[in-house]
1. What is the one condition in (1) open to solvent by less than 30 Å² (accessible area, probe 1.4 Å); (2) in contact with a helix residue (DSSP H, G or I) (Cβ under 7 Å, 6 or more places away or on another chain); (3) at pLDDT 80 or above; (4) under 29 Å from V370 (Cβ atoms) that I260 does not satisfy?
2. State which residue pairs qualify: first residue in the same structural domain as T262 (by the TED database) and more than 16 Å from V180 (Cβ to Cβ) and inside region 280-293, second residue modelled with pLDDT under 60 and β-branched (V, I, T) in any location, beta carbons under 8 Å apart, and separation of 6 or more residues or different chains.
3. How many of the residues making up region 238-257 are within 18 Å of the chain's Cα centre (by Cα) and open to solvent by 10 Å² or more (accessible area, probe 1.4 Å)?
4. So K198 fits all but one of (1) under 29 Å from L81 (Cβ atoms); (2) surrounded by fewer than 21 Cβ atoms within 10 Å (Cβ to Cβ); what number is the exception?
5. Does N184 satisfy being in the same structural domain as G270 (by the TED database), buried (at least 18 other Cβ atoms within 10 Å of the Cβ) and either in contact with a strand residue (DSSP E or B) (Cβ under 7 Å, 6 or more places away or on another chain) or not in a helix (DSSP H, G or I) (or both)?
6. Does any residue in region 376-400 that is in the same structural domain as P141 (by the TED database) and assigned to a loop (DSSP other than H, G, I, E, B) come within less than 9 Å, Cβ to Cβ, of a residue that is open to solvent by less than 70 Å² (accessible area, probe 1.4 Å) and at pLDDT below 90 six or more places away or on a different chain, and which pairs are these?
Amino acid sequence: ASGWGRVGHPTHGQAGTDPLVFSCPPAVTSPCKILKCNSEFWAATSGSHHLGAEEAPEFCTALRAYAHCTRRTARTCRGDLAYHSAVHGIDDLMVQHNCSKDGPTSQPRLRTLPPGDSQERSDSPEICHYEKSFHKHSAAPNYTHCGLFGDPHLRTFTDTFQTCKVQGAWPLIDNNYLNVQVTNTPVLPGSSATATSKLTIIFKSFQECVDQKVYQAEMDELPAAFVDGSKNGGDKHGANSLKITEKVSGQHIEIQAKYIGTTIVVRQVGRYLTFAVRMPEEVVNAVEDRDSQGLYLCLRGCPANQQIDFQTIRSAQATEGRARRKGPSLPAPPEAFTYETATAKCREKLPVEDLYFQSCVFDLLTTGDVNFMLAAYYAFEDVKMLHSNKDKLHLYERTRVLTPGNTAPMGTHPTLWVALLCLCWLCLL
């Protein structure tokens, strides 16, 4: 039997092809709408994948509507793998359930929701639990992680690690289910070092599960509720599939969005915020038109002109000379760290000299604020909790030759630290 992913993507199917699919050339101006077709079919059939005889006609009606939707968007989806997978899966399911290709295509109505106080209900429908909505024969979902912390340092969904400037407001995540935006402000006057001072998360209204909810955190204000005062998804039957839990008052909250299989961790460390998320690949890539989508840091990384690449710093002596000449005009950090004291401090919490350790040293040298050491430590703790591949917890320099399993020697080449120290000076110039 074919397995179907939660957002309606068929996981495999027989290689049959509808002749109508390729009858027209692709249109340049209209985006492929296969995700809309997928979600409409999934919404119409959720909870009915163990079909009795009386349910088969309703399922066939939804399947014919699905096929009709794919035909309408065929012109703009010619090169889309999700589209071709859907077409093959439809043919397979037509055969499995003895559905005729001719017949009604009106969408069945969604189940009527019982009344009651959603704050107390725990019997959310299956549609509101991402993992439960998978068929038992389907492949388990693949989860990805993204994190932002410190000065700021970004780990993308593809495990790329970047240090960025990105001052002002920037989108971290932007898909069909939620938007996340961060605002980064200068840490010290006259310095290019920035950190996250504001975070906004918008959970979009979804089926019978949740109403639209907005969460917002700022410096010295980490609430344990959405902006409307609620702690779950609202008045819908599956409202408890979205919940906020306060782990440490004013310092650590966790948001569980079970209807999209997503966990978000927000912390305040010192004056600034950190962000970490665990999200299924299917949800990460759920966008109507990915090619025309705007910048999205967790997926695309920081723009090249916003990235700080300390591998490009070659002349330590020249940089140190400039720093000495301009030294008196540099803003004074809260605490002066030397390279030796910064590395010693970071080793207290981060014994493995990976990119989290290097970020810690970088931040202590640029800001003098010991809270940035804690931000790097908690960011790595969140990775350990949220990342699905335990062999990829530590990240090292991309230019370094890694041993199997993404491991690297404990020692770090001294020229790397010279370059890092030079970069710290540059940020303060």
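The values are calculated or read from the model by the stated rules, or taken from the named source; none is laboratory data. Model, not experiment: these values are computed from the prediction. Heads up, the Cβs are rebuilt from the backbone with ideal geometry, glycines too, and the neighbour counts pull from every protein chain shown. Side chains included, ligands, DNA and RNA excluded: accessible areas come from the protein's heavy atoms. Shrake-Rupley method; radii C 1.70, N 1.55, O 1.52, S 1.80 Å.
1. (4)
2. What qualifies is E282/V7.
3. 4
4. Against the list (1) under 29 Å from L81 (Cβ atoms); (2) surrounded by fewer than 21 Cβ atoms within 10 Å (Cβ to Cβ), K198 comes up short only on (1).
5. Against the criterion (in the same structural domain as G270 (by the TED database), buried (at least 18 other Cβ atoms within 10 Å of the Cβ) and either in contact with a strand residue (DSSP E or B) (Cβ under 7 Å, 6 or more places away or on another chain) or not in a helix (DSSP H, G or I) (or both)), N184 qualifies.
6. none
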